[in-house]
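Asker: Let me give you the structure first, and then I'll get to my questions.
Nothing in this text is a laboratory measurement; each read-out follows from the coordinates by a stated rule. Because the structure is predicted, anything quoted here is derived from the model rather than measured. FYI the Cβ positions are ideal-geometry reconstructions off the backbone, even for glycines, and counts take in every protein chain you see.
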Amino acid sequence: MREGEKRELKEFVDKVKVIAPDAEIILFGSKARGDETFESDTDILILLKNLDEEIIKKIKDIRFDIEMKYGLIISLLIHSKKEWESFPYNISEIQHFIKSEGVKLC
C-alpha cells in the first residue's frame, strides 16, 4: 500500500473511532496481503458493539467523504461483534480469510 493510502486510511479510521469508539476495524483482501494492484479497492471490516443505523450511516458518509477527497475506494462490511462471532464458521469463507489474513487497524 502506498504511503498516501496509509494516511488516507488512517484518516478514515480516526474519523470512525470518533463516532464509534468501540469499533474494531480490520483491513483485509489484497491490501492486507500486500498483493494489491493499481485497481484494487480497500476492503474493510468494521465490527460494532451494537448495530445502530445512525452510526452505520455516519460511517458510510465518512467513507464517501474519503473517496471524494482522495479517490481511495473503500469496500465496507459492517457487523455487530456478536453477529460476526456467531456466524457458522463452515459457511463463511470470507470470515475465514479475514481471520487468517486480516490486519487489525484498531
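Asker: What value, in deg cm²/dmol to 500, does the helix sum -39500 (n - 2.57) over DSSP H runs of n ≥ 4 give at 222 nm once divided by the residues of the chain?
Answerer: Working: 5 runs with 54 residues, N = 106.
Computed ellipticity for the chain at 222 nm equals -15500 deg cm²/dmol.
Asker: Please report, in Å, the Rg and the Dmax of the chain, where both are computed over Cα atoms only.
Answerer: That works out to 13.5, 39 Å for Rg and Dmax.
Asker: Could you give each residue of the stretch 63-79 its phi-based ³J(HN,Hα) in whole Hz, using Karplus coefficients 6.51, -1.76, 1.60 with θ = phi - 60°, and x for Gly or Pro?
Answerer: 4, 4, 4, 5, 4, 5, 6, 10, x, 6, 8, 10, 9, 9, 10, 10, 9
Asker: Lys and Arg at +1, Asp and Glu at -1: add these up for the other residues within a Cβ distance under 15 Å of Glu36 and post the number. Present the calculation step by step, with values, prior to reporting the outcome.
Answerer: Working: positive: Arg2, Lys6, Lys31, Arg33; negative: Glu3, Glu5, Glu8, Asp35, Glu39, Asp41, Asp43, Glu101.
After counting each charged neighbour, the total is -4.
Asker: In terms of Cα to Cα distance under 14 Å, which aspartates and glutamates are near enough to Lys81, apart from those fewer than 8 places away along the same chain?
Answerer: Asp22, Glu24, Asp52
Asker: Please report the antiparallel percentage of the DSSP beta bridges confined to the chain, to the nearest 5. Mind dumping the intermediate values first?
Answerer: Working: 7 of 14 bridges.
Counting only bridges with both partners in the chain, antiparallel ones make up about 50 percent.
Asker: Could you list the residues of the stretch 17-33 with an amide nitrogen less than 13 Å from a label point located 7 Å from the Cα of Glu54 in the Cα-to-C-beta direction?
Answerer: Flagged as within label range: 19-20.
Asker: Checking the cross-link filter: which lysines have an alpha carbon closer than 25 Å to that of Lys69, excluding same-chain neighbours under 8 positions apart?
Answerer: Lys69 reaches Lys6, Lys10, Lys15, Lys17, Lys31, Lys57, Lys58, Lys60, Lys104.
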